[in-house]
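The values are calculated or read from the model by the stated rules, or taken from the named source; none is laboratory data. These figures come from a predicted structure and were not determined experimentally. Cβ sites come from the backbone with ideal geometry, for glycine too, and all protein chains shown count toward neighbours. Keep in mind that these areas ignore ligands, DNA and RNA; they rest on the heavy atoms of the full protein, side chains included. Shrake-Rupley method; radii C 1.70, N 1.55, O 1.52, S 1.80 Å.
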Amino acid sequence: MAATYQIAVIGDWESVMGFRALGLDTYPVNSVEEAREKIKELAKTNCAVIYLTERLAKDMEDVLARYKDELRPAIILIPGQDGSLGIGKNNIQRAIERAVGADIL
């Protein structure tokens with residue numbers, strides 16, 4: 001029997017609640033510290049993907065660096081209710097550059 005993995009969304013209430021309708025586990029938080037603790041907690045479970053709002057991620061570079069090269073969980077940055085800060089796009093661009101050796105975007 002194949003393992004069942006969880007997909008989680010962490011961010012402010014307004015940004016994450018829409019994902020609940022898609023069947024994802026949502027974790028509304030009020031601070032960067034709450035988000036840090038939730039990521040550490042989820043990393044110890046069967047959580048494969050964590051969507052994290054850019055607003056929180058901008059103050060969590062250490063956490064992002066910690067899990068950047070780990071197989072699980074993959075932390076994917078998403079815009080919050082205020083729109084994109086460009087952090088997620090920049091991270092994807094850097095990952096592509098590492099993979100192919102050039103900026104193709």
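Within the range 14-30, identify whether any single residue is modelled with pLDDT of 95 or more, hydrophobic (A, V, I, L, M, F, W, C) and under 13 Å from the mean Cα position of the chain (by Cα), and answer yes or no. Scanning the range 14-30, I find no residue that is modelled with pLDDT of 95 or more, hydrophobic (A, V, I, L, M, F, W, C) and under 13 Å from the mean Cα position of the chain (by Cα), so the answer is no.
Restricting attention to the range 1-34, the residues that are among the hydroxyl-bearing types (Ser, Thr, Tyr), without any contact (Cβ under 8 Å) to a residue 24 or more places away in the chain and not in a loop (DSSP other than H, G, I, E, B) add up to 2. Only a single item in (1) open to solvent by less than 80 Å² (accessible area, probe 1.4 Å); (2) outside any loop (DSSP other than H, G, I, E, B); (3) over 17 Å from Phe19 (Cα atoms) is not met by Lys40, and it is number (1). Checked against (1) surrounded by 15 or more Cβ atoms within 10 Å (Cβ to Cβ); (2) on the phi > 0 side of the Ramachandran plot, Gly23 passes all but a single condition, namely (1). Restricted to the range 50-85, and to residues there that are open to solvent by 40 Å² or more (accessible area, probe 1.4 Å) and either part of a strand (DSSP E or B) or in contact with a Lys or Arg (Cβ under 8 Å, 6 or more places away or on another chain) (or both), the residue that is farthest from Val29 (Cα to Cα) is Leu85.
Cβ separations smaller than 7 Å between residues 6+ apart or across chains give the following pairs from the range 57-74 residues that are over 15 Å from Cys47 (Cβ atoms) to residues that are assigned to a loop (DSSP other than H, G, I, E, B): Lys58/Leu85.
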